[in-house]
Amino acid sequence: MVSIKKTDSSDVDFIALVKLLDTDLAQRDGDEHAFYNQFNKIDHIKHAIVAYRNGTPIGCGAMKAYSSDTMEIKRMYTLPEGRGKGVASTVLAALEAWAAELSYKKCILETGKKQPEAISLYKKHRYKLIPNYGQYAGIENSVCFEKGI
């Protein structure tokens, strides 16, 4: 059973999981990591989720306002031992529900082509491919999605 905690970017469990995420992304993205990393700072994120299994932090995700009606999903990560067990789906659903509670109408996100698990997760949850937005426009390795909530 996975439990969810709503928090912000000052949460120590969230910070620890994001450090593991950044290590994973640095390996996957190689030379492109510095470009992506500049957009992944977690200072001042007001909406973060940490997932726990048996009291141990096992996954996380966050979101930030992109526009007046759109939240951007960020910093999704599940520990390797928690993958394939619904943790990311639970975190994503919690973020979507929270965004809806805050009266946002849709969620957008960017992920990398070198993260096939993430792409599968978002497609499974009915996210639709969109043209790369903002800083990701024209970036070959980026894939962007959106979903109405």
Exercise. Does Ala97 meet the test of being buried (at least 18 other Cβ atoms within 10 Å of the Cβ) and modelled with pLDDT of 95 or more?
Worked result: no
Exercise. Could we say that Lys46 is within 23 Å of Asp8 (Cβ to Cβ) and either basic (Lys, Arg) or touching a strand residue (DSSP E or B) at 6+ places or on another chain (Cβ under 6 Å) (or both) here?
Worked result: yes
Problem set entry | Unique match (being surrounded by fewer than 16 Cβ atoms within 10 Å (Cβ to Cβ) and either aliphatic (A, V, I, L, M) or free of Cβ contacts under 8 Å to residues at least 60 places away in the same chain (or both)) among Leu102, Leu121, Leu92, Leu109 | Leu102
For this session: Could you please tell me which pairs satisfy a Cβ distance under 6 Å, a separation of 6+ or placement on different chains, a first residue in the range 124-149 that is of a type in the set (Gly, Ala, Ser), and a second residue that is surrounded by 11 or more Cβ atoms within 10 Å (Cβ to Cβ)?
Result: Ser142/Glu110; Ser142/Asn132; Ser142/Tyr136; Gly148/Lys106
Exercise. Tell me, which residue of the range 102-120 that is within 13 Å of the chain's Cα centre (by Cα) and of a type outside the set (A, V, I, L, M, F, W, C) is farthest from Gly134 (Cα to Cα)?
Worked result: Glu117
For this session: Might you check whether a residue that is on the phi > 0 side of the Ramachandran plot, modelled with pLDDT under 95 and part of a helix (DSSP H, G or I) occurs anywhere in the range 36-45?
Result: no
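The values are calculated or read from the model by the stated rules, or taken from the named source; none is laboratory data. Computed from a predicted model, the values in this text were never measured in an experiment. All Cβ positions, glycine included, derive from the backbone under ideal geometry; neighbour counts span all protein chains shown.
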